[in-house]
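Structure, as structure tokens:
Read-outs: derived from the displayed coordinates by stated rules, not from any lab. The shown structure was predicted, so the numbers you read here are calculated from the model rather than taken from an experiment. No Cβ is skipped: glycine too gets one built from the backbone with ideal geometry, and neighbour counts run over all protein chains shown.
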Ligand code: C5P
């Protein structure tokens, strides 16, 4: 059976990752959360006090960053590792969310991560989500989805997710963070977030998770 690339892009916290994970499971493909990769680099930059305006320092830091994904033996989830350490919980915290879009706008960071993502999808049969997958990482992807939802609904979903992890954050703070990230992600010079011309637009504000997964799997099946 031929293998395809499923590229899912969209705004922050619109449920891309949750949908992408389940679609990957149904297609029996690996899933790559590229947002987690940008978050891991951001965490490294914060921990090591890397100046975001010094390209040499950034290049040096990037050469020391190794990101990988490993399956959690008990929880069954795909955890993000930074230089051999499990950082899955840390990279989701607000202090990382507050800096990630700034770090993701740096050209050197994008070049390094896009190259790694392209290597991961070389043999196809992959579901990848992010902001530039259908436009920059895999412009030749067989299926491209552009997802969004109403900002307030996205903020409520994100707040719930944080709350489930014991991180209590005011809804206004979450909403403000989403808006700021959307603004930076859409307006940056280097591979800004935009819908690829051949991407299918899905507003999932009033869709259940099952409906979204079913729709994307059906669209993928049409390409296989
Ligand atoms: O997907 P998530 O919200 O975790 O992504 C965190 C941030 O990483 C985004 O707000 C964006 O700034 C950046 N990102 C990116 N390109 C990607 C994936 C994420 O710039 N492909």
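Looking at the square roots a ≥ b ≥ c of the eigenvalues of the Cα gyration tensor of region 5-223, which shape do they give, rounded for a/c under 1.5, prolate if a/b is larger than b/c, or oblate?
Judged from the Cα gyration tensor, region 5-223 comes out rounded (a/c under 1.5).
Only helical DSSP H runs with n ≥ 4 go in: add -39500 (n - 2.57) per run for the chain, normalise by residue count and round the 222 nm mean residue ellipticity to 500 deg cm²/dmol.
Values: 8 runs with 106 residues, N = 224.
It comes out at -15000 deg cm²/dmol, rounded to the nearest 500.
Could you work out which residue, out of 121, 15, 172, moves most in a Gaussian network model of the chain, that is, has the largest mean-square fluctuation with Cα springs under 10 Å? Checking each option, the largest mean-square fluctuation is seen for 172. The modelled label-to-label distance between residue 184 and residue 201, using points 7 Å beyond Cα along the C-beta direction, is 2.7 nm. The mean sequence distance of close C-alpha pairs (under 8 Å, at least 6 residues apart), as a share of the length of the chain, puts its relative contact order at 35 percent.
Calculated over region 158-224, the projected area of the Cα convex hull averaged across directions stands at 6.8 nm².
The label-point distance for residue 209 and residue 1, in a model that sets each label 7 Å from Cα toward Cβ, rounds to 2.3 nm.
The peptide list 6-12, 146-152, put in order of mean Cβ contacts within 10 Å with the highest first, becomes 6-12, 146-152. Computed over the chain with a Gaussian network model linking Cα atoms closer than 10 Å, the most mobile of 140, 159, 60 is 60.
Of all DSSP beta bridges confined to the chain, the antiparallel ones make up roughly 30%.
Of the residues 99, 131, 56, the one that moves most in a GNM of the chain with alpha-carbon contacts below 10 Å is 56. Rg and Dmax of region 96-186, based on Cα coordinates, read 15.3, 43 Å.
By other beta-carbon atoms within 10 Å, ranking 65, 169, 41 with the fewest at the front produces 169, 65, 41. Given R0 = 25 Å, the distance between the Cβ atoms of residue 83 and residue 54 translates into a calculated FRET efficiency of 0.75.
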